[in-house]
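Structure first, commentary second.
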Amino acid sequence: MSTTDVRNTDPGTFREELQAFLESIEADFGAGTEPTEDRQGSDRIASVEELREGHEAQVRLVRRLQATLYDAGYAWPSGPSDYGGRDLPREYDLEVERLLDEKGFPSREALFVGLNIVAPAVHRHGNEDLRKRVLPALYRGDAIGCQLFSEPGAGSDLAGVSARAVRDGDDWILSGQKVWTSMAHLADVGEALVRTDPEAPKHAGLTMFVVDMHAPGVTVRPIRQMTGGSAFNEVFLDEVRVPDTNRIGDVGEGWRVASTSLGSERSTMSGATGPVTPYVLERLHTLVTRLGAAAKGVHRPQIARTVTALTALRSAAELSEGSWSHRLAPFSGSILKMLMTRAVDEIGALAENVLGEQAYRDSGAWDSFAWSEFVLGAPALHLAGGTDEIQLNVIAQRGLGLPRPPKHS
């Protein structure tokens, strides 16, 4: 790890060192410039990042980038030093993300689930042995993680999962089916929520495990999306043997562990602004300017709606990171996610509005058909990390103190 890796690093010093470090490795990872009409490169723009056919080289590049960041102390600044972190505040992680994006480094989408969903659960609820085995591997990119939560028969009722685990000496035997598992086809480990006590109330009978995705009995089948990508998968667990040492938290505490993962997922999906990155906003501004949309009255209402949504998202992000963070903590992730999805919807609507049929007819023109993937991917954001209805319930109950809706008999 870098000799500059010390605790209580001054934010200004950290930023300067990070800037210098990233500039020193830009050429190794094709960063430093974004593709434009005048430069070589794809004009692809997406609301949900997805790896495409022939992605193996990209995954290898991202793993190498993550290892480079980890070895220099920039992969997890807020993490404990025992696991490769620097014991710094969460804001330092966000600074790394911002600068990587600004400088055009490759997307680390393949690592998203492992870093932002699996790792927080292991860190908070796992035993020391599990932490030492899993956390450094995830944060260095040596292992890619996936989330084995959703099931075909459970819908949005995560506590209704039916995949089961039966104790067998020092091991557990897992069986069942999971679906919509992002990056499962790349994953080395999976965080699996399964039922260990079918007689207990549904929230109380769950336990969480780390599953070796290369173990006998694990089958992964990609699901093709309308965007053309195959980032999602269905996963079959056929009597997969998992050691008890891979259990995250206590037996029957799976829902508590899942809540940690889900809370982190919602917050990280929106991040400061989620997929509404400076690159996306610059592309949108270029599109609107190029087509002269602001001067046409027919486009102004949608421009106003988009600006309003972006302003609301930015304001909420600033509040969640500022003096109000402790007040918003129980439900800030849900607020940010709702505002983020609204902003993505409005950006997509504006692109459709000004492009017309060019948004869906591939004429080969720069910055036209490329927006179709952004628009087609947007609906997924209303589902991923918990549906809009779940987010509204979280805000109502945890934020406003409203009662749960009555159960129907």
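Right, residue 72: small (Gly, Ala, Ser), closer than 30 Å to residue 260 by Cβ, more than 19 Å from the chain's Cα centre (by Cα) and modelled with pLDDT of 85 or more or not? It would help to see each step written out before you state the result.
On the way: small (Gly, Ala, Ser): yes; closer than 30 Å to residue 260 by Cβ: yes; more than 19 Å from the chain's Cα centre (by Cα): yes; modelled with pLDDT of 85 or more: yes.
Taking the combined requirement at face value, the residue satisfies it.
Among residues of the range 344-361 that are in contact (Cβ under 8 Å) with a residue 40 or more places away in the chain and more than 15 Å from residue 304 (Cα to Cα), those with a Cβ under 9 angstrom from a residue that is part of a loop (DSSP other than H, G, I, E, B) and open to solvent by 30 Å² or more (accessible area, probe 1.4 Å), sequence gap 6+ or separate chain, pair up as 355/291; 355/369. Scanning the range 374-409 for residues that are part of a helix (DSSP H, G or I) and on the phi > 0 side of the Ramachandran plot yields a total of 0. Contact annotation: residue pairs with Cβ atoms under 6 Å, 6 or more positions apart or on different chains, pairing a residue in the range 197-212 that is more than 18 Å from residue 178 (Cβ to Cβ) with a partner that is assigned to a loop (DSSP other than H, G, I, E, B), are 197/205; 204/252.
Please state which one of 64, 90 is open to solvent by 20 Å² or more (accessible area, probe 1.4 Å) and either modelled with pLDDT of 95 or more or polar (S, T, N, Q) (or both).
Values: 90 fails: either modelled with pLDDT of 95 or more or polar (S, T, N, Q) (or both).
It is 64.
Considering only residues in the range 181-205 that are under 19 Å from residue 161 (Cβ atoms) and hydrophobic (A, V, I, L, M, F, W, C), the one that is modelled with the lowest pLDDT turns out to be 184. For the range 362-373, taking the residues that are assigned to a loop (DSSP other than H, G, I, E, B) and either more than 11 Å from residue 287 (Cβ to Cβ) or in contact with a strand residue (DSSP E or B) (Cβ under 6 Å, 6 or more places away or on another chain) (or both), the one that is least open to solvent (accessible area, probe 1.4 Å) is identified as 365.
Of the residues making up the range 99-119, none is outside any helix (DSSP H, G or I), in contact (Cβ under 8 Å) with a residue 40 or more places away in the chain and open to solvent by 60 Å² or more (accessible area, probe 1.4 Å).
Checked against the criteria, residue 179 does not count as open to solvent by 40 Å² or more (accessible area, probe 1.4 Å), of a type in the set (A, V, I, L, M) and in contact (Cβ under 8 Å) with a residue 24 or more places away in the chain.
Tell me yes or no: at least one residue of the range 206-229 is more than 22 Å from the chain's Cα centre (by Cα), assigned to a strand (DSSP E or B), among the polar types (S, T, N, Q) and at pLDDT 95 or above. Quick ask: steps written out before the conclusion?
So the first thing to find is which residues in the range 206-229 are more than 22 Å from the chain's Cα centre (by Cα), and the list is 206-207, 214-219.
The next check asks that each one be assigned to a strand (DSSP E or B); those that pass are 206-207, 218-219.
When the remaining residues are screened for being among the polar types (S, T, N, Q), the result is 207, 219.
Next, from what is left, pick out any that are at pLDDT 95 or above: 207, 219.
The answer is yes, given that some residue of the range 206-229 is more than 22 Å from the chain's Cα centre (by Cα), assigned to a strand (DSSP E or B), among the polar types (S, T, N, Q) and at pLDDT 95 or above.
In the range 151-170, the qualifying residues are those that are open to solvent by 30 Å² or more (accessible area, probe 1.4 Å) and acidic (Asp, Glu), and the one that is nearest to residue 220 (Cα to Cα) is 157.
The values are calculated or read from the model by the stated rules, or taken from the named source; none is laboratory data. It should be emphasised that the depicted structure is a prediction, and the values quoted were computed from it without experimental measurement. For neighbour counting, all protein chains shown are included, and Cβ atoms are generated from backbone atoms with ideal geometry for every residue, glycine included. Side chains are part of the model used for accessible areas, which takes the heavy atoms of the whole protein and leaves out ligands, DNA and RNA. Shrake-Rupley method; radii C 1.70, N 1.55, O 1.52, S 1.80 Å.
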